[in-house]
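The values are calculated or read from the model by the stated rules, or taken from the named source; none is laboratory data. Predicted model only: the values in this text are computed from it and were never measured. Note that we place each Cβ from the backbone using ideal geometry, even for glycine, and neighbour counts take in every protein chain shown.
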Amino acid sequence: MPIVNLAAEYERGRLYFDSEDYIGAAGILAGVVEAAPENLAARLLLARAYYHSAQLGRAEAELRLVLERDPAEGYACLLLGRTLQRRNRPEEAEPYLRLHAAMTGE
């Protein structure tokens, strides 16, 4: 996918996300991430779309990839913690939530 089209698709995915069409956003953003796997902004937005559409396994996988590539991504820590909580894995969630709190001072 050419870079111009990739940027346009990312923006289209963001519009779907902002309109709370999380399933539609995930479908668009998955293509963006497939074409540009190093794009952490697209990957994080995809994870958020998965989270909000209750595709928690997919959200977890994307968030783990984000944190593997950028361990200081505080929002990814928070969202991974929340995702693990929703998956009824509170013990696994706790370190991510504590790390986010330490990063943000909350």
Tell me yes or no: at least one residue of the range 2-13 is touching a residue at least 24 places away in the same chain (Cβ under 8 Å), in contact with a Phe, Trp or Tyr (Cβ under 9 Å, 6 or more places away or on another chain) and either in a helix (DSSP H, G or I) or of a type in the set (Val, Ile, Thr) (or both). no
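Being within 22 Å of Met103 (Cβ to Cβ) and not aliphatic (A, V, I, L, M): is that true of Tyr51 here?
The answer is yes for Tyr51.
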When you scan the range 26-44, do you find a residue that is touching a Ser or Thr at 6+ places or on another chain (Cβ under 8 Å), assigned to a helix (DSSP H, G or I) and aliphatic (A, V, I, L, M), even just one? yes
Check whether at least one residue in the range 57-64 is free of Cβ contacts under 8 Å to residues at least 24 places away in the same chain, under 11 Å from the mean Cα position of the chain (by Cα) and surrounded by fewer than 17 Cβ atoms within 10 Å (Cβ to Cβ), and report yes or no. yes
Could you check, for the range 93-102, whether at least one of its residues is modelled with pLDDT of 95 or more, within 12 Å of the chain's Cα centre (by Cα) and acidic (Asp, Glu)? no
